[in-house]
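In what follows, a structure is listed as structure tokens, so that the remarks can point back to it.
Rule-based calculations on the coordinates, nothing more; no lab input. Just so it is clear, the structure is predicted and the values come from calculations on it, not from any experiment. Positions of Cβ are backbone-derived with ideal geometry, glycine not excepted, and every protein chain shown enters the neighbour counts.
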């Protein structure tokens, strides 16, 4: 039932946007990290820092508190609550694992975004997010995306993210 709920939420939240995941959400990618099956697009991702490496429950609580304390109207308050619920639903064993959240904001939902398969360089998870801005007409909606991974803390100590324009 949980997988069905996430699938339905993904369909509702992406609204037909063009997103390519070069990785299969939820699939174990290596012994060092795995992807987390969350909706790729969600309005409340705007309240996340650009890159979060959450390695213990205290940092996780701090992240949730920062989301709750973000200012906004009552509608935004509801979406922040939904984001809080979504993040609490991610199963992380902070004794051995850390949660990595990578936020991407584009000025238009027309921008095509692709996350290349992450690589590991020494003890750093390296992610490349490629974006392709269409020529001519673009929509005027903001696009808030998040890519999430659970990493093995004994093998990965940090995250490096590069954003590249597709030419």
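Determine the pairs where a residue that is free of Cβ contacts under 8 Å to residues at least 60 places away in the same chain and at positive phi, located within region 93-114, has a partner that is part of a strand (DSSP E or B) and surrounded by 22 or more Cβ atoms within 10 Å (Cβ to Cβ) with Cβ atoms under 7 Å apart, the partner being 6 or more residues away or on another chain.
none
If residue 134 satisfies every condition in (1) farther than 21 Å from residue 54 by Cβ; (2) surrounded by fewer than 17 Cβ atoms within 10 Å (Cβ to Cβ); (3) in contact with a strand residue (DSSP E or B) (Cβ under 7 Å, 6 or more places away or on another chain) but one, which is the exception?
With respect to (1) farther than 21 Å from residue 54 by Cβ; (2) surrounded by fewer than 17 Cβ atoms within 10 Å (Cβ to Cβ); (3) in contact with a strand residue (DSSP E or B) (Cβ under 7 Å, 6 or more places away or on another chain), residue 134 is out only on (3).
Quick check on region 45-63: of everything there that is more than 11 Å from the chain's Cα centre (by Cα) and touching a residue at least 60 places away in the same chain (Cβ under 8 Å), which residue is surrounded by the most Cβ atoms within 10 Å (Cβ to Cβ)? Give the derivation first.
Keep residues of region 45-63 that are more than 11 Å from the chain's Cα centre (by Cα), which gives 47, 53-63.
Going one step further and asking which of them are touching a residue at least 60 places away in the same chain (Cβ under 8 Å), we end up with 53, 55.
Working: 53: 19, 55: 17.
Here the answer is 53.
When you scan region 75-89, do you find a residue that is surrounded by 13 or more Cβ atoms within 10 Å (Cβ to Cβ), closer than 17 Å to residue 44 by Cα and in contact with a strand residue (DSSP E or B) (Cβ under 7 Å, 6 or more places away or on another chain), even just one?
Checking region 75-89: not a single residue is surrounded by 13 or more Cβ atoms within 10 Å (Cβ to Cβ), closer than 17 Å to residue 44 by Cα and in contact with a strand residue (DSSP E or B) (Cβ under 7 Å, 6 or more places away or on another chain).
Pick out the one residue from 105, 150, 129, 120 that is under 13 Å from the mean Cα position of the chain (by Cα) and surrounded by fewer than 16 Cβ atoms within 10 Å (Cβ to Cβ). Working first, answer last.
Details: 150 fails: surrounded by fewer than 16 Cβ atoms within 10 Å (Cβ to Cβ); 129 fails: surrounded by fewer than 16 Cβ atoms within 10 Å (Cβ to Cβ); 120 fails: under 13 Å from the mean Cα position of the chain (by Cα).
Selected residue: 105, the only one of 105, 150, 129, 120 that is under 13 Å from the mean Cα position of the chain (by Cα) and surrounded by fewer than 16 Cβ atoms within 10 Å (Cβ to Cβ).
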